[in-house]
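In what follows, a structure is listed as structure tokens, so that the remarks can point back to it.
The values are calculated or read from the model by the stated rules, or taken from the named source; none is laboratory data. Bear in mind the structure is a predicted one, so any value in this text is a computation, not a measurement. In this analysis, Cβ positions are derived from the backbone assuming ideal geometry, glycine residues included, and neighbour counts consider all displayed protein chains.
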Amino acid sequence: MILIDQLTYARKSFTLNVHHLQLNSGITILVGKNGAGKSTFLQLLATALKPHRGTISYGRKTVSEALPYIRKQIGFLPTGVELYEEMKTKQFLNYMSELKGISNTKAVEASIQAMNLADVKKNKIKSLSQGMKQRVGIAQALLDSPSFLLLDEPLNYLDSQERKNVVSLLSRYGTNKIVLVATHDLNEWEEIADNIIWLSEGQVLFDGTVNCWKSNAIRVWQGKVKHTEVHGLDTNRITYMKRVEDGIIVKYLSESKPFKSFTLVSTSIEDAYFIRKYNALLEHNQF
């Protein structure tokens, strides 16, 4: 368990406030627009930043009393992770293992196998594709199966198959570990997410289960419209658009059916995000 209490972190143009939050085993998705505070929040949890006020407890331990122990229990992938380009893949993972004080001699090989890096473990990192580098970044976060896995946009640069592999891996991993993933690709996590945290302008607007996240009065409809018809729709209610040869496939938020051809569909995590942003917009416009 990670317990956050009265946490504040401030810089010139931004303040993150988390009054009370508890993270338990499972997959928690951290959502919010750019600048909402997702990366800052992950860095605080990873002990890369120090809060100006409040506490973060890992199990029953705090940073002030057990920092080396806590850091050993954390696996962290920051966004745009910087790797040592001149090192070979396995050499880099060995180095990171030493920095973390990991005594498990099989930890590096296990991470290499988990991220399908065996074919490039003797290659210099600078020779790898962006997707491969991302997988190396995830591999270092997975070293020695940390209790707290914090990942910032882990699916960046990965192709569709690699994305599926990572999501499947984390689905299994999260059965008895805390996994927190900051992401814009909400649909990728539809089948495995347990909980959602929504950050907006440094504030937690939602913290709860996926079922609670999806529970909302606005219905979601899907259908195909002509190119000329889409301009008559409220853009704030559109959650998805895809151009096809004879029109545009649209997912639309509405209490009633917008067009006769539209059908009611189940609400996805991403739909729920649009719904909550739309409701917040309505509330703001009432004042």
Report yes if some residue within the range 95-110 is in a loop (DSSP other than H, G, I, E, B), in contact with a Ser or Thr (Cβ under 6 Å, 6 or more places away or on another chain), at pLDDT below 95 and closer than 15 Å to GLY75 by Cα; otherwise report no.
no
Quick check on this structure: which one of THR239, THR228, THR235 is among the polar types (S, T, N, Q), buried (at least 18 other Cβ atoms within 10 Å of the Cβ) and outside the structural domain of GLY174 (by TED's automatic domain parsing)?
THR239
Check THR267 against each of (1) crowded, with 17+ Cβ neighbours inside 10 Å; (2) under 25 Å from GLU283 (Cβ atoms); (3) assigned by TED's automatic domain parsing to the domain that holds LEU151 and name the one condition it does not meet.
(3)
Residue set ILE218, ILE249, ILE269, ILE196; condition over 20 Å from the mean Cα position of the chain (by Cα) and closer than 30 Å to GLU162 by Cα; output residue ILE249
For residues that are assigned to a loop (DSSP other than H, G, I, E, B), of a type outside the set (A, V, I, L, M, F, W, C) and in contact with a helix residue (DSSP H, G or I) (Cβ under 8 Å, 6 or more places away or on another chain), tally how many sit in the range 1-49.
2
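Residue-wise test of (1) touching a Lys or Arg at 6+ places or on another chain (Cβ under 9 Å); (2) surrounded by fewer than 16 Cβ atoms within 10 Å (Cβ to Cβ).
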| site | (1), (2) |
| --- | --- |
| SER64 | no, yes |
| TYR69 | yes, yes |
| LYS88 | yes, no |
| PHE92 | no, no |
| LEU99 | no, yes |
| LYS106 | no, yes |
| SER127 | no, yes |
Just a yes or no: is a residue in the range 68-75 in the same structural domain as THR40 (by TED's automatic domain parsing) and farther than 20 Å from LEU49 by Cβ?
no
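Yes or no, residue by residue, for (1) in a strand (DSSP E or B); (2) in contact with a strand residue (DSSP E or B) (Cβ under 8 Å, 6 or more places away or on another chain); (3) β-branched (Val, Ile, Thr):
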position	(1), (2), (3)
LEU151	yes, yes, no
ASN165	no, no, no
ALA193	no, yes, no
PHE206	yes, yes, no
ASN216	no, no, no
HIS227	no, yes, no
MET241	yes, yes, no
LEU253	yes, yes, no
Boolean, ALA141 is touching a Gly at 6+ places or on another chain (Cβ under 7 Å) and in a helix (DSSP H, G or I)
yes
Residue check for TYR252: surrounded by 11 or more Cβ atoms within 10 Å (Cβ to Cβ) and in contact with a Pro (Cβ under 6 Å, 6 or more places away or on another chain)
yes
Residues in the range 113-125 that are within 26 Å of the chain's Cα centre (by Cα) and touching a residue at least 12 places away in the same chain (Cβ under 8 Å): how many?
5
Name the residues in the range 174-189 that are over 12 Å from the mean Cα position of the chain (by Cα), surrounded by fewer than 20 Cβ atoms within 10 Å (Cβ to Cβ) and modelled with pLDDT under 95, would you?
THR175, ASN176
